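The values are calculated or read from the model by the stated rules, or taken from the named source; none is laboratory data. Nothing here was measured: the structure is a model prediction, and the numbers come from that model. Here the Cβ positions follow ideal geometry from the backbone for every residue, glycine too, while neighbour counts run over all protein chains shown. The accessibility values were calculated without ligands, DNA or RNA, using every heavy atom of the protein model including side chains. Shrake-Rupley method; radii C 1.70, N 1.55, O 1.52, S 1.80 Å.
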Amino acid sequence: MDLRLPDHLNALTATVRDFCERNVRPHAATWDREERFPSEVVKGLGALGILGIRVPEDFGGAGLGTLAVALVVEEIAKFDGSLALTVASHNGLGSSHIRVCGNDAQRRRYLPKLASGEWLGAWALTEPGSGSDSAAMRTTAVRDGSDWVINGSKAFITQGSVGNVVVVLAATDRSKGKRGISAFIVEFGTAGLSAAPMHGKMGMRSSDTAILTFDNVRVPDAQRVGNEGEGFIDTMKILDGGRITIAALALGLGQGALDTASNYCKERQAFGRRIGDFQAIRWMLADMETSLQASRLLVYRAADLADRGLPHTAEASYAKLFASEAGTKACNQAVQILGGYGYTNAFPVERALRDAKLCEIGEGTSEVQRMVISKLLLRA
């Protein structure tokens with residue numbers, strides 16, 4: 001078993017690291033404080049090809065795989081969790097739903113713009129009254145001749161107020177439950193679609209989050225993605241990949257916090273010694289490093305299985321559950337190591353801790369991951 005990354009992926013992460021050192025590290029704290037979406041930097045990532053990693057080359061993308069996305073998200077998260085979430089959601093949700101489930105006409109229309117960063121994609125599943133229980137959605141799409149009329153609302157939608165196109169899940173036949181849900185592509189600017197930015201988040205404050213309202217939004221049947229009634233089935237495929245990238249995001253946040261704490265331990269003096277010389281601190285660092293290394297193996301394994309076209313639902317949940325909790329714990333321990341300074345915005349660890357908590361919630365909570373894992377374990 002060769003666990004070394006290929007040269008082209010090492011080169012990719014090095015490029016992203018250099019970009020973030022120059023364009024992200026100096027500004028991330030300001031973006032967070034102002035809750036400002038950094039559109040100019042996102043466009044810069046688009047110019048680097050980072051927003052089209054999974055998009056086939058025929059449609060203007062890099063044609064790489066899930067592991068490439070995970071590596072990029074992990075690297076960006078070391079500098080800014082919000083920006084990493086933007087990259088993760090754009091690559092893994094809206095654009096992936098079109099890439100995986102869309103027809104040729106839909107791919108030709110949308111993927112080139114999404115790959116270049118000219119357009120940003122959003123994905124609308126969660127509603128004000130249904131999160132983990134996504135099959136209980138209230139948003140509906142009713143056929144009217146050759147069109148569909150969509151009504152309802154979606155909440156916590158990443159890129160919801162800065163995006164250009166959204167894939168929305170809606171019930172097309174309530175009597176069929178999960179098998180009565182379909183997906184539709186809706187362009188922002190379509191009559192009846194409105195977005196309200198959500199402010200006051202604990203973390204990920206410069207990642208755009210919005211409530212979307214669909215008021216008699218009319219789209220032609222050509223905008224339906226995949227087969228009618230199979231939207232939920234397709235959603236589960238998309239979520240497997242999304243869980244891997246959120247796990248990578250948590251890993252990057254934890255690694256960034258560990259790096260900050262390690263450097264601090266080399267400089268900070270207490271009782272005439274570096275605090276890194278105290279056993280209590282050393283053991284905290286060792287535990288952080290071990291849990292993050294274990295997370296990395298789980299994330300890369302799940303991504304590798306996905307890239308080889310092998311089943312990876314369980315592995316995605318393993319990675320999401322373990323890495324999200326390990327990343328949050330590492331950020332919390334980093335704050336503890338930095339003490340009073342860790343509790344202020346003088347260092348990025350307090351922001352990392354606030355950002356990391358989302359990774360235990362989004363793309364399926366830790367509790368949902370335990371449900372998935374135990375169900376697979378007990379399956380006859």
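If the chain linking K266 and R218 were pulled fully straight, counting 0.36 nm for each residue of separation and taking away their Cα-Cα distance, it would gain 11.2 nm. Which of rounded, prolate, oblate describes segment 155-281, given a ≥ b ≥ c as roots of the alpha-carbon gyration tensor eigenvalues and a/c under 1.5 marking rounded, otherwise prolate only if a/b is larger than b/c? It is prolate, given that a/c is not under 1.5 and a/b is the larger ratio. Computed from the Cβ-Cβ distance with R0 of 25 Å, the FRET efficiency linking E118 to R143 stands at 0.20.
Volume per residue, Å³, of the convex hull around the alpha-carbon atoms of segment 20-85?
Dividing the Cα hull volume of segment 20-85 by its residues yields 76 Å³.
For A124, the amide hydrogen comes within under 5 Å of the amide hydrogens of V167, V168, L169, counting only partners 5 or more places away or on other chains and with H modelled in the peptide plane. A straight chain from K43 to A286 at 0.36 nm per residue would run longer than the Cα-Cα distance by 83.7 nm. If the elastic network links every pair of Cα atoms under 10 Å, which of A306, A270, A319 fluctuates the most in the Gaussian network model of the chain? The residue with the greatest mean-square fluctuation here is A270. Among the listed pairs K266/K357; K113/K375; K176/K329; K43/K178; K43/K78, a Cα-Cα separation exceeding 31 Å is found for K113/K375; K176/K329; K43/K178.
Looking at segment 64-194, what % of its DSSP beta bridges pair antiparallel, to the nearest 5? Around 70 percent antiparallel, to the nearest 5. Look at the alpha carbon pairs under 8 Å that are at least 6 residues apart: their mean separation over the length of segment 23-154 gives a relative contact order of 21 percent.
Please report the antiparallel percentage of DSSP beta bridges with both residues in the chain, rounded to the nearest 5. Don't jump to the answer; show the numbers that get you there.
Values: 31 of 37 bridges.
Beta bridges within the chain, antiparallel portion: roughly 85 percent.
Estimated from helical segments only, the mean residue ellipticity of the chain at 222 nm is -16500 deg cm²/dmol, where each DSSP H run of four or more residues counts as -39500 (n - 2.57). Taking the DSSP bridge list for segment 111-185 and keeping only pairs wholly inside it, about 70 percent are antiparallel. Between the alpha-carbon centres of segment 1-78 and segment 96-159 there is a gap of 24 Å. Per residue, the accessible area of segment 78-213 comes to 36 Å² when a 1.4 Å probe rolls over the protein heavy atoms.
If R0 is 56 Å, the Cβ-Cβ spacing of D173 and L297 corresponds to a FRET efficiency of close to 0.85. Hey, what did the chain get for relative contact order, percent, Cα under 8 Å, at least 6 apart? Relative contact order, the chain: 17 percent. Build a GNM of the chain with springs between Cα atoms under 10 Å apart, and of V349, V165, V217 the one that fluctuates most is V217. Springs between alpha-carbon atoms under 10 Å, Gaussian network over the chain: tell me which of T290, T209, T66 tops the mean-square fluctuations. Checking each option, the largest mean-square fluctuation is seen for T290. Oblate is the label for segment 115-170. Its Cα gyration tensor axes, ordered a ≥ b ≥ c, give a/c of at least 1.5 and b/c at or above a/b.
Surface composition of the chain: carbon and sulfur atoms hold 53% of the protein heavy-atom accessible area at a 1.4 Å probe.
For segment 286-367, the equivalent ellipsoid derived from the alpha-carbon gyration tensor has semi-axes of 28, 13, 9 Å in decreasing order.
Taking only Cα atoms, what is the 0 to 90° angle, nearest 10, from helix 66-77's long axis to the longest principal axis of the chain? Its long axis makes an angle of about 50 degrees.
The Stokes-Einstein estimate for segment 181-253, based on a Kirkwood radius over Cα pairs and taken at 25 °C with 0.890 mPa s viscosity, is a diffusion coefficient of 164 µm²/s. Using amide H atoms built in the peptide plane, which far-off residues or other-chain residues are under 5 Å from I53 H to H? The list, which skips near neighbours in sequence, is A62. Between H8 and I361, the modelled labels are 3.8 nm apart [label points 7 Å from Cα along Cα→Cβ].
Measuring nothing but how far apart in sequence close Cα pairs (under 8 Å, 6+ apart) lie, relative to its length, segment 143-290 scores a relative contact order of 24 percent.
Look at where the Cα atoms of segment 179-194 and of segment 310-324 average out, and the two centres are 30 Å apart.
Take the Kirkwood radius over Cα pairs of segment 56-170, plug it into Stokes-Einstein at 10 °C and 1.306 mPa s, and you get 103 µm²/s for translational diffusion.
Working value for the chain: equivalent-ellipsoid semi-axes of 36, 21, 20 Å, each the square root of 5 times a Cα gyration tensor eigenvalue, largest first. Each residue, L377 and L310, gets one label point 7 Å from its Cα in the Cβ direction; the gap between the two is 2.1 nm.
Residues whose amide H lies under 5 Å from that of L193, counting only those 5 or more places away or on a different chain, are D215; hydrogens are built 1.01 Å from N in the peptide plane. With the convex hull drawn over the C-alpha atoms of segment 224-299, the volume per residue is 94 Å³. Backbone geometry of segment 350-360 corresponds, through the Karplus equation with coefficients 6.51, -1.76 and 1.60 at θ = phi - 60°, to 3J(HN,Hα) couplings of 5, 5, 4, 5, 5, 5, 5, 4, 4, 5, 8 Hz, x marking Gly and Pro. Distance from the alpha carbon centroid of segment 340-359 to that of segment 246-275 works out to 12 angstrom.
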